[in-house]
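The values are calculated or read from the model by the stated rules, or taken from the named source; none is laboratory data. For clarity, every value in this text was computed on a predicted model and none was experimentally measured. We place every Cβ from the backbone using ideal geometry, glycine too, and count neighbours over all the protein chains shown.
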Amino acid sequence: MEYLYCPNDNFEDYSSGRVIYSGKGLPNFPVRLLNEIYGRAKSYLEKKENIILYDPCCGGGYALTVLGMFDHLHIDRIYASDANASMVAFAKKNLELLTYSGLRKRQHEIKHLHETYGKQSHLEALMSCEKICHRLQKEITAEFFEADCTKTLPDLNPDLIITDVPYGNLVDWTEKAALTAMLEQLWKISHPQTILAVCMDKSQKTSGGRWIRLEKHTIGKRRFEILKK
Ligand SMILES: C[S@@+](CC[C@H](N)C(=O)[O-])C[C@H]1O[C@@H](n2cnc3c(N)ncnc32)[C@H](O)[C@@H]1O
């Protein structure tokens, strides 16, 4: 796949565990690929400003936090949900990094770690935090809730949905049936122009259901599809 929306760069400021919180069992996602998927999905949106972004399997909120940091000027609101309450709490902590107070709090935490342990990694994290803070020109409002996305979801009307569904032995996700059920629920809570980007491991496939497939790509062990109503 050719990268059309995210040139190669050094994305270490956004590495999980540096400024953005990481935790045990929380999966990572390559920053460049994430931005590329988002850029491709956004290119199909009629609305380019005040985007409402939703991740129904938000995990620790890493993907949404990275996207918010990169495209905060065009994102108005973020919704994050997960079936696991502790994941939702983690996502809340990360998405607070899209506010000045959240970033200042993180800066103090890292400063304290550096003063206590004097590690080079803490100094680097502090520098990344300052850069992210400097780049943030606008805060994003985020809302969180616990929900099984294969069942009824609230009527959010998102413009763009991006999600990295469970795979491997992460959780109990009976792959094809769960994916199909999630697609149906997302269809119900979307508006006619909503664009959906679904990432999965390459053993999974969407049947699409009522969604129309615009793109599908396999990159290494990952696969993603972009769908419209
Ligand atoms: C691959 S992880 C998502 C990682 C996330 N994108 C991030 O940036 O941290 C998949 C998530 O799906 C959640 N999950 C599993 N089954 C679910 C369901 N039925 N409804 C909603 N979330 C579910 C898991 O708890 C896990 O956090």
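Could you tell me whether segment 134-153 includes any residue that is surrounded by fewer than 19 Cβ atoms within 10 Å (Cβ to Cβ), hydroxyl-bearing (S, T, Y) and free of Cβ contacts under 8 Å to residues at least 60 places away in the same chain?
Yes, segment 134-153 has at least one match.
List the helices (runs of 4 or more DSSP H) inside segment 78-192, counting only whole elements, that have at least 1 residues being within 12 Å of the ligand (Cβ to nearest atom) and touching a strand residue (DSSP E or B) at 6+ places or on another chain (Cβ under 7 Å). Let's see the steps before the verdict.
Values: elements: 85-95, 100-117, 120-135, 175-188.
Per the criteria, 85-95, 175-188.
Taking the stated definitions as given, is A197 within 13 Å of the ligand (Cβ to nearest atom), in contact (Cβ under 8 Å) with a residue 24 or more places away in the chain and out of contact with any helix residue (DSSP H, G or I) (no Cβ under 8 Å at 6 or more places or on another chain)?
For A197, the condition - within 13 Å of the ligand (Cβ to nearest atom), in contact (Cβ under 8 Å) with a residue 24 or more places away in the chain and out of contact with any helix residue (DSSP H, G or I) (no Cβ under 8 Å at 6 or more places or on another chain) - is not met.
Looking at the structure I just gave you, is L53 near the ligand (Cβ under 10 Å from one of its atoms), surrounded by 15 or more Cβ atoms within 10 Å (Cβ to Cβ), not in a loop (DSSP other than H, G, I, E, B) and not small (G, A, S)? Talk me through it step by step, then tell me what you get.
Working: near the ligand (Cβ under 10 Å from one of its atoms): no; surrounded by 15 or more Cβ atoms within 10 Å (Cβ to Cβ): yes; not in a loop (DSSP other than H, G, I, E, B): yes; not small (G, A, S): yes.
So L53 does not fit the description; no.
Can you confirm whether T206 is at pLDDT below 95, over 23 Å from L26 (Cα atoms), among the β-branched types (V, I, T) and assigned to a loop (DSSP other than H, G, I, E, B)?
Taking the combined requirement at face value, the residue satisfies it.
Residues of segment 110-129 being of a type in the set (D, E, K, R) and surrounded by 15 or more Cβ atoms within 10 Å (Cβ to Cβ), which ones? Step through it out loud before you land on a result.
At the first step, the residues of segment 110-129 found to be of a type in the set (D, E, K, R) are 111, 115, 119, 124.
If the condition is that a residue be of a type in the set (D, E, K, R) and surrounded by 15 or more Cβ atoms within 10 Å (Cβ to Cβ), then K111, E124 are the ones that fit.
Going through segment 1-41 one residue at a time, which ones are among the hydroxyl-bearing types (S, T, Y) and more than 15 Å from the chain's Cα centre (by Cα)? Break it down into steps so the answer makes sense when it comes.
Quick first cut of segment 1-41, residues among the hydroxyl-bearing types (S, T, Y) only: 3, 5, 14-16, 21-22, 38.
Within segment 1-41, Y3, Y5 qualify.
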